[in-house]
Amino acid sequence: LNVTEEKFVLDTLAGCIEYRSLLDVVVNAFFVRDGRYCLLSERNLYVVICYLATFQLEELGLQRFSRIVKSLDTAKMQKFLRFFFNALYLNTWIKDEWSHFYDSPYVKENWIDPLLRWQPKVQKLIEQLTDKLSNCTTTVKTSKVTQPKEFNLTVPKPRAIPIPLPIPVQEKRPPIPASTYKPPKEKKQLEEIKTKNRQKAEVSALCSCSSLSFLLNGFFGNIPFSQVLELVFSILFHHPFSIFFILLLIIDNIPIKLNAAAILREGALYQRKMEQELQRIENLLRGAGDPSEFLEWQKQMRGKDLEEQLAEIECRRLQGKLSHEEAVLAHQNVIQENKKKADLMREEKAELMHQYAEKRLQEQKDMRELVEQVVKGHKNAKQAKIKLQKYKQQIVQEVCEENRELLRQALEEEEEKLRKRYELIQQIRAIESLPIIRHKFVDLTETGGHGLICEMSIVELRERLALLREAQKAAEEEKRDQIIHEKQAKEQLLLDKLDQISVFRAELGRAAALKQEEKKRKLQTCERLVKDERILNLQKKIAEKTMERKKQAGLL
(Lines give C-alpha, C1' and ligand atoms only; values in the text may rest on other atoms or scores of the structure.)
Protein backbone atom coordinates (compact mmCIF):
# COMPACT_ATOMS: atom_id res chain seq x y z
CA LEU A 1 0.00 0.00 0.00
CA ASN A 2 1.10 3.55 -0.54
CA VAL A 3 1.30 6.06 2.31
CA THR A 4 -2.24 7.44 1.87
CA GLU A 5 -3.90 4.04 1.76
CA GLU A 6 -1.86 2.80 4.70
CA LYS A 7 -2.86 5.88 6.76
CA PHE A 8 -6.54 5.33 5.86
CA VAL A 9 -6.42 1.66 6.90
CA LEU A 10 -4.67 2.43 10.19
CA ASP A 11 -7.11 5.28 11.00
CA THR A 12 -10.07 3.01 10.27
CA LEU A 13 -8.66 0.25 12.49
CA ALA A 14 -7.97 2.69 15.35
CA GLY A 15 -11.47 4.19 15.05
CA CYS A 16 -13.13 0.76 15.13
CA ILE A 17 -11.21 -0.11 18.29
CA GLU A 18 -11.90 3.28 19.93
CA TYR A 19 -15.66 3.31 19.23
CA ARG A 20 -16.13 -0.42 19.60
CA SER A 21 -18.89 -0.06 22.21
CA LEU A 22 -21.00 2.21 19.92
CA LEU A 23 -20.46 0.02 16.86
CA ASP A 24 -21.30 -3.16 18.79
CA VAL A 25 -24.70 -1.73 19.71
CA VAL A 26 -25.68 -1.31 16.03
CA VAL A 27 -24.11 -4.58 14.76
CA ASN A 28 -25.57 -6.70 17.58
CA ALA A 29 -29.01 -5.25 16.95
CA PHE A 30 -28.60 -5.93 13.20
CA PHE A 31 -27.78 -9.61 13.86
CA VAL A 32 -30.79 -9.90 16.17
CA ARG A 33 -33.34 -8.25 13.81
CA ASP A 34 -32.50 -8.18 10.10
CA GLY A 35 -29.28 -10.23 10.02
CA ARG A 36 -30.45 -13.42 11.71
CA TYR A 37 -29.25 -15.50 8.77
CA CYS A 38 -25.94 -13.69 8.27
CA LEU A 39 -22.63 -15.31 9.18
CA LEU A 40 -20.86 -14.32 12.39
CA SER A 41 -17.57 -14.40 10.49
CA GLU A 42 -18.78 -11.26 8.59
CA ARG A 43 -19.24 -9.24 11.78
CA ASN A 44 -16.07 -7.18 11.29
CA LEU A 45 -17.27 -6.22 7.80
CA TYR A 46 -20.43 -4.61 9.23
CA VAL A 47 -18.38 -2.96 12.00
CA VAL A 48 -16.10 -1.25 9.43
CA ILE A 49 -19.04 -0.08 7.23
CA CYS A 50 -20.84 1.28 10.32
CA TYR A 51 -17.69 3.16 11.38
CA LEU A 52 -17.17 4.66 7.90
CA ALA A 53 -20.83 5.73 7.66
CA THR A 54 -20.86 7.27 11.13
CA PHE A 55 -17.47 8.95 11.52
CA GLN A 56 -15.83 9.18 8.04
CA LEU A 57 -18.71 9.90 5.68
CA GLU A 58 -18.06 13.67 5.70
CA GLU A 59 -14.39 13.15 4.97
CA LEU A 60 -14.79 10.39 2.37
CA GLY A 61 -17.74 11.79 0.50
CA LEU A 62 -20.66 9.89 -0.92
CA GLN A 63 -18.86 8.90 -4.13
CA ARG A 64 -15.94 7.12 -2.45
CA PHE A 65 -18.26 5.59 0.14
CA SER A 66 -20.51 4.28 -2.67
CA ARG A 67 -17.50 2.81 -4.45
CA ILE A 68 -16.46 0.97 -1.25
CA VAL A 69 -20.01 -0.32 -0.71
CA LYS A 70 -20.47 -1.47 -4.33
CA SER A 71 -17.18 -3.38 -4.22
CA LEU A 72 -18.67 -5.66 -1.54
CA ASP A 73 -21.57 -8.10 -1.62
CA THR A 74 -24.68 -6.26 -2.87
CA ALA A 75 -27.30 -8.14 -0.83
CA LYS A 76 -25.43 -7.81 2.47
CA MET A 77 -24.71 -4.07 2.03
CA GLN A 78 -28.29 -3.33 0.93
CA LYS A 79 -29.66 -5.07 4.02
CA PHE A 80 -27.25 -3.39 6.48
CA LEU A 81 -27.55 0.15 5.08
CA ARG A 82 -31.34 -0.10 5.00
CA PHE A 83 -31.27 -1.13 8.67
CA PHE A 84 -28.69 1.48 9.81
CA PHE A 85 -30.06 4.51 7.93
CA ASN A 86 -33.61 3.98 9.15
CA ALA A 87 -34.69 7.36 10.54
CA LEU A 88 -36.94 5.78 13.15
CA TYR A 89 -34.10 3.66 14.53
CA LEU A 90 -31.67 6.59 14.56
CA ASN A 91 -34.05 8.84 16.50
CA THR A 92 -35.12 6.23 19.05
CA TRP A 93 -33.11 3.33 20.37
CA ILE A 94 -29.77 4.01 18.63
CA LYS A 95 -29.71 7.52 20.09
CA ASP A 96 -30.73 6.21 23.54
CA GLU A 97 -28.09 3.46 23.53
CA TRP A 98 -25.33 5.81 22.44
CA SER A 99 -26.42 8.27 25.15
CA HIS A 100 -25.44 5.69 27.77
CA PHE A 101 -21.79 6.17 26.74
CA TYR A 102 -21.78 9.89 25.80
CA ASP A 103 -23.94 12.91 26.62
CA SER A 104 -27.19 13.15 24.70
CA PRO A 105 -26.53 16.61 23.20
CA TYR A 106 -23.10 15.51 22.01
CA VAL A 107 -24.52 12.34 20.42
CA LYS A 108 -27.35 14.21 18.71
CA GLU A 109 -25.20 17.05 17.43
CA ASN A 110 -22.13 15.13 16.21
CA TRP A 111 -23.51 11.75 15.05
CA ILE A 112 -27.31 11.50 14.77
CA ASP A 113 -27.89 14.79 12.92
CA PRO A 114 -25.15 14.14 10.26
CA LEU A 115 -26.56 10.66 9.67
CA LEU A 116 -30.06 12.06 9.23
CA ARG A 117 -28.65 14.71 6.87
CA TRP A 118 -26.97 12.06 4.72
CA GLN A 119 -29.97 9.72 4.91
CA PRO A 120 -31.73 10.87 1.64
CA LYS A 121 -28.55 10.48 -0.42
CA VAL A 122 -27.74 7.10 1.11
CA GLN A 123 -31.34 6.08 0.41
CA LYS A 124 -30.67 6.59 -3.31
CA LEU A 125 -27.62 4.34 -2.96
CA ILE A 126 -29.80 1.72 -1.27
CA GLU A 127 -32.32 1.97 -4.14
CA GLN A 128 -29.50 1.46 -6.66
CA LEU A 129 -28.42 -1.66 -4.78
CA THR A 130 -32.02 -2.91 -4.72
CA ASP A 131 -32.38 -2.36 -8.49
CA LYS A 132 -29.10 -4.17 -9.06
CA LEU A 133 -30.36 -7.11 -7.04
CA SER A 134 -33.70 -7.23 -8.90
CA ASN A 135 -32.09 -6.91 -12.35
CA CYS A 136 -29.31 -9.36 -11.61
CA THR A 137 -29.70 -12.14 -14.15
CA THR A 138 -27.12 -14.72 -14.97
CA THR A 139 -26.05 -14.49 -18.60
CA VAL A 140 -24.77 -17.68 -20.08
CA LYS A 141 -22.10 -17.21 -22.68
CA THR A 142 -23.09 -19.15 -25.77
CA SER A 143 -20.23 -20.74 -27.60
CA LYS A 144 -20.10 -20.87 -31.36
CA VAL A 145 -21.22 -24.22 -32.65
CA THR A 146 -18.80 -25.92 -35.02
CA GLN A 147 -20.34 -26.57 -38.41
CA PRO A 148 -19.04 -29.78 -39.93
CA LYS A 149 -17.79 -29.69 -43.53
CA GLU A 150 -17.33 -32.54 -45.94
CA PHE A 151 -13.84 -33.68 -46.77
CA ASN A 152 -12.65 -32.95 -50.28
CA LEU A 153 -11.77 -36.51 -51.20
CA THR A 154 -10.89 -37.90 -54.61
CA VAL A 155 -13.79 -39.74 -56.15
CA PRO A 156 -12.67 -43.31 -56.88
CA LYS A 157 -13.17 -44.80 -60.29
CA PRO A 158 -15.86 -47.43 -60.62
CA ARG A 159 -14.53 -50.93 -60.32
CA ALA A 160 -15.03 -53.49 -63.06
CA ILE A 161 -17.32 -56.36 -62.28
CA PRO A 162 -15.20 -59.54 -62.00
CA ILE A 163 -16.06 -62.59 -64.08
CA PRO A 164 -17.52 -65.28 -61.82
CA LEU A 165 -15.40 -68.40 -61.40
CA PRO A 166 -16.95 -71.76 -62.33
CA ILE A 167 -18.20 -73.77 -59.34
CA PRO A 168 -16.10 -76.95 -59.05
CA VAL A 169 -17.98 -80.25 -59.00
CA GLN A 170 -17.07 -82.27 -55.89
CA GLU A 171 -16.44 -85.98 -56.12
CA LYS A 172 -18.78 -88.37 -54.38
CA ARG A 173 -17.41 -89.44 -51.00
CA PRO A 174 -17.26 -93.14 -50.11
CA PRO A 175 -19.60 -94.27 -47.30
CA ILE A 176 -18.32 -94.47 -43.72
CA PRO A 177 -17.21 -98.02 -42.88
CA ALA A 178 -19.12 -99.92 -40.22
CA SER A 179 -15.92 -100.64 -38.29
CA THR A 180 -15.77 -96.97 -37.24
CA TYR A 181 -18.55 -97.45 -34.67
CA LYS A 182 -17.16 -100.75 -33.32
CA PRO A 183 -14.42 -100.98 -30.65
CA PRO A 184 -11.12 -102.30 -32.02
CA LYS A 185 -9.95 -105.81 -31.26
CA GLU A 186 -6.64 -104.51 -29.93
CA LYS A 187 -8.41 -102.73 -27.08
CA LYS A 188 -10.15 -105.94 -26.06
CA GLN A 189 -6.87 -107.85 -26.24
CA LEU A 190 -5.14 -105.20 -24.13
CA GLU A 191 -7.84 -105.43 -21.45
CA GLU A 192 -7.47 -109.22 -21.33
CA ILE A 193 -3.69 -108.90 -21.00
CA LYS A 194 -4.18 -106.27 -18.28
CA THR A 195 -6.53 -108.57 -16.35
CA LYS A 196 -4.11 -111.49 -16.57
CA ASN A 197 -1.19 -109.33 -15.45
CA ARG A 198 -3.25 -108.06 -12.52
CA GLN A 199 -4.05 -111.64 -11.47
CA LYS A 200 -0.38 -112.60 -11.73
CA ALA A 201 0.61 -109.59 -9.61
CA GLU A 202 -1.96 -110.50 -6.96
CA VAL A 203 -0.73 -114.11 -6.97
CA SER A 204 2.88 -112.99 -6.55
CA ALA A 205 1.89 -110.56 -3.76
CA LEU A 206 0.01 -113.31 -1.96
CA CYS A 207 2.91 -115.68 -2.46
CA SER A 208 5.26 -113.16 -0.87
CA CYS A 209 2.98 -112.81 2.16
CA SER A 210 4.47 -115.24 4.71
CA SER A 211 1.63 -114.82 7.21
CA LEU A 212 -1.00 -115.64 4.56
CA SER A 213 0.95 -118.67 3.32
CA PHE A 214 1.26 -119.87 6.90
CA LEU A 215 -2.49 -119.42 7.50
CA LEU A 216 -3.45 -121.11 4.22
CA ASN A 217 -1.10 -124.01 4.94
CA GLY A 218 -2.70 -124.31 8.35
CA PHE A 219 -6.17 -124.38 6.80
CA PHE A 220 -5.53 -126.60 3.77
CA GLY A 221 -2.82 -128.92 5.03
CA ASN A 222 -0.36 -130.35 2.49
CA ILE A 223 -2.10 -128.97 -0.63
CA PRO A 224 0.34 -127.03 -2.87
CA PHE A 225 0.30 -123.29 -2.32
CA SER A 226 -0.41 -122.53 -6.02
CA GLN A 227 -3.54 -124.71 -5.95
CA VAL A 228 -4.62 -123.03 -2.73
CA LEU A 229 -4.23 -119.60 -4.38
CA GLU A 230 -6.26 -120.72 -7.38
CA LEU A 231 -8.95 -121.91 -4.99
CA VAL A 232 -8.91 -118.56 -3.16
CA PHE A 233 -9.19 -116.61 -6.43
CA SER A 234 -12.08 -118.77 -7.58
CA ILE A 235 -13.86 -118.08 -4.28
CA LEU A 236 -13.22 -114.35 -4.65
CA PHE A 237 -14.46 -114.44 -8.24
CA HIS A 238 -17.75 -116.08 -7.31
CA HIS A 239 -18.06 -114.40 -3.86
CA PRO A 240 -16.34 -110.97 -3.88
CA PHE A 241 -17.36 -110.07 -0.32
CA SER A 242 -15.48 -113.02 1.13
CA ILE A 243 -12.29 -110.88 0.93
CA PHE A 244 -13.24 -109.39 4.32
CA PHE A 245 -13.04 -112.77 6.00
CA ILE A 246 -9.61 -113.42 4.46
CA LEU A 247 -8.38 -109.95 5.56
CA LEU A 248 -9.51 -110.65 9.13
CA LEU A 249 -6.93 -113.45 9.26
CA ILE A 250 -3.97 -111.11 8.62
CA ILE A 251 -5.36 -107.89 10.18
CA ASP A 252 -3.38 -108.46 13.38
CA ASN A 253 -0.06 -107.71 11.69
CA ILE A 254 -1.11 -104.27 10.34
CA PRO A 255 0.63 -101.45 12.29
CA ILE A 256 -1.69 -98.89 13.95
CA LYS A 257 -0.71 -95.22 14.16
CA LEU A 258 -0.93 -93.91 17.72
CA ASN A 259 -1.71 -90.35 18.82
CA ALA A 260 -0.34 -88.58 21.92
CA ALA A 261 -3.19 -89.70 24.22
CA ALA A 262 -2.87 -93.33 23.11
CA ILE A 263 0.92 -93.25 23.61
CA LEU A 264 0.58 -91.80 27.12
CA ARG A 265 -2.22 -94.20 27.99
CA GLU A 266 -0.30 -97.25 26.79
CA GLY A 267 2.88 -96.04 28.49
CA ALA A 268 0.97 -95.58 31.78
CA LEU A 269 -0.51 -99.08 31.39
CA TYR A 270 2.89 -100.67 30.88
CA GLN A 271 4.36 -98.64 33.73
CA ARG A 272 1.53 -99.75 36.03
CA LYS A 273 1.99 -103.39 35.01
CA MET A 274 5.71 -103.17 35.65
CA GLU A 275 5.16 -101.62 39.08
CA GLN A 276 2.57 -104.30 39.96
CA GLU A 277 4.95 -107.05 38.84
CA LEU A 278 7.81 -105.57 40.88
CA GLN A 279 5.55 -105.25 43.90
CA ARG A 280 4.40 -108.86 43.51
CA ILE A 281 7.97 -110.13 43.26
CA GLU A 282 8.97 -108.07 46.28
CA ASN A 283 6.06 -109.42 48.31
CA LEU A 284 6.97 -112.97 47.30
CA LEU A 285 10.57 -112.41 48.35
CA ARG A 286 9.34 -111.16 51.73
CA GLY A 287 7.28 -114.34 52.21
CA ALA A 288 3.78 -113.10 51.48
CA GLY A 289 0.95 -115.63 51.19
CA ASP A 290 -1.96 -116.15 48.79
CA PRO A 291 -3.84 -112.86 48.38
CA SER A 292 -7.13 -114.52 47.24
CA GLU A 293 -8.94 -113.92 50.56
CA PHE A 294 -7.74 -110.36 50.60
CA LEU A 295 -8.88 -109.89 47.00
CA GLU A 296 -12.32 -111.33 47.84
CA TRP A 297 -12.59 -109.03 50.84
CA GLN A 298 -11.39 -106.16 48.69
CA LYS A 299 -14.03 -107.02 46.08
CA GLN A 300 -16.78 -107.01 48.73
CA MET A 301 -15.52 -103.74 50.16
CA ARG A 302 -15.44 -102.21 46.67
CA GLY A 303 -19.02 -103.42 46.10
CA LYS A 304 -20.10 -101.79 49.35
CA ASP A 305 -18.24 -98.61 48.42
CA LEU A 306 -19.91 -98.67 45.02
CA GLU A 307 -23.35 -99.05 46.65
CA GLU A 308 -22.54 -96.19 49.01
CA GLN A 309 -21.35 -94.07 46.10
CA LEU A 310 -24.54 -94.84 44.15
CA ALA A 311 -26.63 -93.92 47.18
CA GLU A 312 -24.58 -90.72 47.59
CA ILE A 313 -25.05 -89.92 43.89
CA GLU A 314 -28.80 -90.49 44.18
CA CYS A 315 -28.92 -88.24 47.25
CA ARG A 316 -26.99 -85.54 45.41
CA ARG A 317 -29.31 -85.86 42.43
CA LEU A 318 -32.35 -85.46 44.69
CA GLN A 319 -30.66 -82.56 46.47
CA GLY A 320 -29.93 -80.91 43.11
CA LYS A 321 -33.56 -81.38 42.10
CA LEU A 322 -34.70 -79.88 45.41
CA SER A 323 -32.32 -76.92 45.03
CA HIS A 324 -33.59 -76.42 41.50
CA GLU A 325 -37.18 -76.22 42.77
CA GLU A 326 -36.11 -73.81 45.53
CA ALA A 327 -34.27 -71.65 42.98
CA VAL A 328 -37.35 -71.51 40.75
CA LEU A 329 -39.50 -70.48 43.74
CA ALA A 330 -36.94 -67.81 44.78
CA HIS A 331 -36.83 -66.51 41.21
CA GLN A 332 -40.61 -66.14 41.23
CA ASN A 333 -40.44 -64.26 44.55
CA VAL A 334 -37.75 -61.94 43.16
CA ILE A 335 -39.91 -61.23 40.10
CA GLN A 336 -42.87 -60.28 42.34
CA GLU A 337 -40.64 -58.01 44.49
CA ASN A 338 -39.22 -56.38 41.37
CA LYS A 339 -42.75 -55.73 40.11
CA LYS A 340 -43.66 -54.07 43.40
CA LYS A 341 -40.46 -51.98 43.33
CA ALA A 342 -41.16 -51.00 39.73
CA ASP A 343 -44.69 -49.85 40.65
CA LEU A 344 -43.28 -47.79 43.54
CA MET A 345 -40.59 -46.29 41.32
CA ARG A 346 -43.18 -45.50 38.65
CA GLU A 347 -45.32 -43.67 41.25
CA GLU A 348 -42.28 -41.79 42.57
CA LYS A 349 -41.30 -40.88 39.02
CA ALA A 350 -44.78 -39.53 38.29
CA GLU A 351 -44.68 -37.46 41.51
CA LEU A 352 -41.18 -36.13 40.66
CA MET A 353 -42.31 -35.24 37.13
CA HIS A 354 -45.29 -33.37 38.56
CA GLN A 355 -43.00 -31.46 40.96
CA TYR A 356 -40.56 -30.75 38.12
CA ALA A 357 -43.38 -29.41 35.92
CA GLU A 358 -44.56 -27.12 38.74
CA LYS A 359 -40.99 -25.93 39.28
CA ARG A 360 -40.54 -25.20 35.57
CA LEU A 361 -43.79 -23.25 35.48
CA GLN A 362 -42.67 -21.21 38.50
CA GLU A 363 -39.27 -20.54 36.89
CA GLN A 364 -40.94 -19.43 33.66
CA LYS A 365 -43.24 -17.15 35.64
CA ASP A 366 -40.26 -15.64 37.53
CA MET A 367 -38.34 -15.17 34.28
CA ARG A 368 -41.32 -13.45 32.68
CA GLU A 369 -41.62 -11.10 35.66
CA LEU A 370 -37.89 -10.34 35.46
CA VAL A 371 -38.16 -9.57 31.75
CA GLU A 372 -41.13 -7.28 32.41
CA GLN A 373 -39.16 -5.47 35.12
CA VAL A 374 -36.21 -5.04 32.76
CA VAL A 375 -38.45 -3.71 29.99
CA LYS A 376 -40.20 -1.41 32.42
CA GLY A 377 -36.85 -0.17 33.74
CA HIS A 378 -35.73 0.50 30.16
CA LYS A 379 -38.87 2.51 29.47
CA ASN A 380 -38.60 4.49 32.68
CA ALA A 381 -34.87 5.19 32.30
CA LYS A 382 -35.50 8.33 30.24
CA GLN A 383 -38.12 9.67 32.66
CA ALA A 384 -35.83 8.94 35.59
CA LYS A 385 -33.06 10.89 33.93
CA ILE A 386 -35.34 13.93 33.37
CA LYS A 387 -36.50 13.77 36.96
CA LEU A 388 -32.93 13.55 38.11
CA GLN A 389 -32.01 16.69 36.16
CA LYS A 390 -34.97 18.58 37.67
CA TYR A 391 -33.98 17.34 41.08
CA LYS A 392 -30.47 18.62 40.52
CA GLN A 393 -31.74 22.06 39.53
CA GLN A 394 -34.00 22.31 42.55
CA ILE A 395 -31.18 21.28 44.85
CA VAL A 396 -28.82 23.81 43.25
CA GLN A 397 -31.40 26.57 43.72
CA GLU A 398 -32.48 25.65 47.27
CA VAL A 399 -29.28 24.45 48.92
CA CYS A 400 -26.76 26.95 50.11
CA GLU A 401 -23.11 27.10 49.24
CA GLU A 402 -22.21 25.50 52.53
CA ASN A 403 -23.94 22.16 51.76
CA ARG A 404 -22.97 22.08 48.06
CA GLU A 405 -20.08 19.64 48.60
CA LEU A 406 -22.25 17.16 50.52
CA LEU A 407 -24.99 17.34 47.91
CA ARG A 408 -22.43 16.77 45.14
CA GLN A 409 -21.24 13.57 46.87
CA ALA A 410 -24.81 12.37 47.23
CA LEU A 411 -25.43 13.08 43.55
CA GLU A 412 -22.31 11.16 42.56
CA GLU A 413 -23.48 8.14 44.57
CA GLU A 414 -26.88 8.26 42.90
CA GLU A 415 -25.24 8.56 39.48
CA GLU A 416 -23.04 5.54 40.22
CA LYS A 417 -26.07 3.49 41.22
CA LEU A 418 -27.93 4.52 38.09
CA ARG A 419 -24.89 3.84 35.93
CA LYS A 420 -24.53 0.35 37.41
CA ARG A 421 -28.21 -0.23 36.82
CA TYR A 422 -27.91 0.93 33.21
CA GLU A 423 -24.85 -1.29 32.71
CA LEU A 424 -26.71 -4.28 34.18
CA ILE A 425 -29.67 -3.65 31.86
CA GLN A 426 -27.32 -3.28 28.87
CA GLN A 427 -25.47 -6.51 29.75
CA ILE A 428 -28.76 -8.40 30.06
CA ARG A 429 -29.92 -7.10 26.66
CA ALA A 430 -26.56 -7.87 25.06
CA ILE A 431 -26.60 -11.41 26.47
CA GLU A 432 -30.15 -11.92 25.18
CA SER A 433 -29.29 -10.51 21.74
CA LEU A 434 -26.04 -12.39 21.14
CA PRO A 435 -26.25 -15.92 19.70
CA ILE A 436 -25.04 -18.73 21.90
CA ILE A 437 -21.76 -20.28 20.83
CA ARG A 438 -22.09 -23.97 21.43
CA HIS A 439 -18.59 -24.99 20.41
CA LYS A 440 -16.67 -26.70 23.17
CA PHE A 441 -12.90 -26.83 22.92
CA VAL A 442 -11.35 -29.91 24.46
CA ASP A 443 -7.82 -29.98 25.84
CA LEU A 444 -6.55 -33.56 25.80
CA THR A 445 -3.90 -32.80 28.44
CA GLU A 446 -6.42 -31.69 31.12
CA THR A 447 -8.40 -33.91 33.48
CA GLY A 448 -12.17 -33.89 33.84
CA GLY A 449 -12.05 -31.99 37.12
CA HIS A 450 -14.52 -34.26 38.94
CA GLY A 451 -12.43 -34.40 42.10
CA LEU A 452 -11.60 -38.13 41.89
CA ILE A 453 -8.24 -39.61 42.86
CA CYS A 454 -8.01 -41.76 39.73
CA GLU A 455 -8.62 -38.90 37.29
CA MET A 456 -6.34 -38.68 34.28
CA SER A 457 -6.22 -36.86 30.97
CA ILE A 458 -6.71 -38.41 27.55
CA VAL A 459 -2.98 -38.17 26.79
CA GLU A 460 -2.07 -39.94 30.05
CA LEU A 461 -4.73 -42.57 29.36
CA ARG A 462 -3.27 -43.22 25.90
CA GLU A 463 0.25 -43.52 27.36
CA ARG A 464 -0.95 -45.98 29.99
CA LEU A 465 -2.79 -47.98 27.35
CA ALA A 466 0.40 -48.10 25.26
CA LEU A 467 2.36 -49.35 28.29
CA LEU A 468 -0.33 -51.96 28.98
CA ARG A 469 -0.20 -53.11 25.37
CA GLU A 470 3.59 -53.48 25.57
CA ALA A 471 3.30 -55.43 28.84
CA GLN A 472 0.59 -57.63 27.33
CA LYS A 473 2.77 -58.24 24.27
CA ALA A 474 5.74 -59.20 26.47
CA ALA A 475 3.50 -61.53 28.49
CA GLU A 476 2.27 -63.12 25.26
CA GLU A 477 5.85 -63.64 24.05
CA GLU A 478 6.79 -65.21 27.40
CA LYS A 479 3.71 -67.42 27.27
CA ARG A 480 4.54 -68.42 23.69
CA ASP A 481 8.10 -69.39 24.70
CA GLN A 482 6.75 -71.35 27.64
CA ILE A 483 4.28 -73.18 25.38
CA ILE A 484 7.09 -74.02 22.93
CA HIS A 485 9.26 -75.40 25.77
CA GLU A 486 6.32 -77.40 27.13
CA LYS A 487 5.59 -78.73 23.65
CA GLN A 488 9.21 -79.80 23.17
CA ALA A 489 9.21 -81.46 26.59
CA LYS A 490 5.96 -83.25 25.74
CA GLU A 491 7.38 -84.43 22.42
CA GLN A 492 10.50 -85.75 24.18
CA LEU A 493 8.26 -87.50 26.72
CA LEU A 494 6.24 -89.07 23.90
CA LEU A 495 9.45 -90.25 22.20
CA ASP A 496 10.63 -91.80 25.47
CA LYS A 497 7.23 -93.43 25.93
CA LEU A 498 7.36 -94.78 22.36
CA ASP A 499 10.79 -96.30 23.00
CA GLN A 500 9.50 -97.83 26.22
CA ILE A 501 6.36 -99.12 24.46
CA SER A 502 8.43 -100.64 21.62
CA VAL A 503 10.58 -102.45 24.20
CA PHE A 504 7.50 -103.75 26.05
CA ARG A 505 5.85 -104.79 22.78
CA ALA A 506 8.94 -106.63 21.64
CA GLU A 507 9.11 -108.50 24.95
CA LEU A 508 5.38 -109.26 24.88
CA GLY A 509 5.70 -110.39 21.23
CA ARG A 510 8.52 -112.79 22.15
CA ALA A 511 6.49 -114.10 25.06
CA ALA A 512 3.40 -114.52 22.88
CA ALA A 513 5.44 -116.26 20.16
CA LEU A 514 6.91 -118.69 22.70
CA LYS A 515 3.47 -119.30 24.13
CA GLN A 516 2.04 -119.85 20.63
CA GLU A 517 4.79 -122.34 19.71
CA GLU A 518 4.25 -124.23 22.94
CA LYS A 519 0.54 -124.32 22.31
CA LYS A 520 1.16 -125.49 18.73
CA ARG A 521 3.39 -128.34 19.95
CA LYS A 522 0.74 -129.40 22.41
CA LEU A 523 -1.91 -129.34 19.65
CA GLN A 524 0.30 -131.40 17.33
CA THR A 525 0.94 -134.08 19.97
CA CYS A 526 -2.76 -134.20 20.80
CA GLU A 527 -3.63 -134.52 17.11
CA ARG A 528 -1.17 -137.41 16.71
CA LEU A 529 -2.67 -139.20 19.65
CA VAL A 530 -6.19 -138.61 18.41
CA LYS A 531 -5.20 -139.76 14.92
CA ASP A 532 -3.68 -142.97 16.21
CA GLU A 533 -6.71 -143.83 18.29
CA ARG A 534 -9.01 -143.15 15.39
CA ILE A 535 -6.96 -145.41 13.08
CA LEU A 536 -7.00 -148.25 15.60
CA ASN A 537 -10.70 -147.92 16.09
CA LEU A 538 -11.26 -147.92 12.32
CA GLN A 539 -9.07 -150.96 11.88
CA LYS A 540 -10.88 -152.80 14.62
CA LYS A 541 -14.21 -151.90 13.10
CA ILE A 542 -13.01 -153.08 9.64
CA ALA A 543 -11.87 -156.38 11.10
CA GLU A 544 -15.17 -156.89 12.88
CA LYS A 545 -17.08 -156.06 9.70
CA THR A 546 -14.90 -158.51 7.73
CA MET A 547 -15.55 -161.30 10.24
CA GLU A 548 -19.28 -160.61 10.11
CA ARG A 549 -19.23 -160.67 6.32
CA LYS A 550 -17.36 -163.98 6.27
CA LYS A 551 -19.80 -165.51 8.73
CA GLN A 552 -22.70 -164.38 6.62
CA ALA A 553 -21.03 -165.78 3.50
CA GLY A 554 -20.51 -169.17 5.23
CA LEU A 555 -24.12 -169.35 6.26
CA LEU A 556 -25.23 -168.54 2.76
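The values are calculated or read from the model by the stated rules, or taken from the named source; none is laboratory data. Keep in mind the model is a prediction, meaning the values are calculated, not measured. Note that each Cβ is placed from the backbone with ideal geometry, even for glycine, and that neighbours are counted across all protein chains shown. Ligands, DNA and RNA are excluded from the accessible area calculation, which covers all protein heavy atoms including side chains. Shrake-Rupley method; radii C 1.70, N 1.55, O 1.52, S 1.80 Å.
Here are a few things to note about the model shown:
- Each residue of the stretch 444-460 was assigned a 3J(HN,Hα) from its phi angle through the Karplus curve 6.51 cos²θ - 1.76 cosθ + 1.60 (θ = phi - 60°); the sequence is 6, 8, 9, 7, x, x, 8, x, 8, 6, 8, 5, 8, 7, 5, 5, 5 Hz, with glycine and proline shown as x.
- Inter-label distance, ARG265 to ARG462: 5.6 nm, where each label sits 7 Å from its Cα along the C-beta direction.
- Ranking VAL145, VAL9 by solvent-accessible area of protein heavy atoms (1.4 Å probe, all protein chains present), from largest to smallest, gives VAL145, VAL9.
- Eligible aspartates and glutamates near LYS473 by straight Cα distance, threshold 16 Å, same-chain separation 8 or greater: GLU463, ASP481
- The heavy atoms of CYS38 offer some 30 square angstrom of accessible surface to a 1.4 angstrom probe.
- Label-point separation, THR92 to LEU62 (7 Å along Cα→Cβ), nm: 2.7
- With all protein chains in place and a 1.4 Å probe, the accessible surface of the stretch 1-137 carries 54 percent carbon and sulfur.
- Summed residue charge, Cβ within 15 Å of TYR46's Cβ, Lys/Arg positive, Asp/Glu negative: +3
- Those GluC sites (Glu not before Pro) in the stretch 437-510 that DSSP places in a loop and that have at most 16 other beta carbons within 10 Å: GLU446, GLU455
- Relative contact order of the stretch 3-135, pairs being alpha-carbon contacts under 8 Å that are 6 or more residues apart, as %: 27
- Multiplying the residue separation of ASN283 and TYR102 by 0.36 nm and removing their Cα-Cα distance gives an extension gain of 52.7 nm.
- Mean Cβ neighbour count within 10 Å, used as a protection proxy, ranking 25-31, 406-412 highest first: 25-31, 406-412
- Heavy-atom accessible area order for TRP297, TRP98, largest first, 1.4 Å probe: TRP297, TRP98
- Protection proxy ranking, highest mean first, for peptides 60-71, 360-371: 60-71, 360-371, where packing is the per-residue count of other beta-carbon atoms within 10 Å, averaged.
- Among the chymotrypsin sites (Phe, Trp or Tyr not before Pro) in the stretch 415-514, those located in a DSSP loop and surrounded by at most 12 other Cβ atoms within 10 Å of their own Cβ are PHE441.
- Taken per residue, the accessible surface of the stretch 3-135 reaches 55 Å², heavy atoms only and a 1.4 Å probe.
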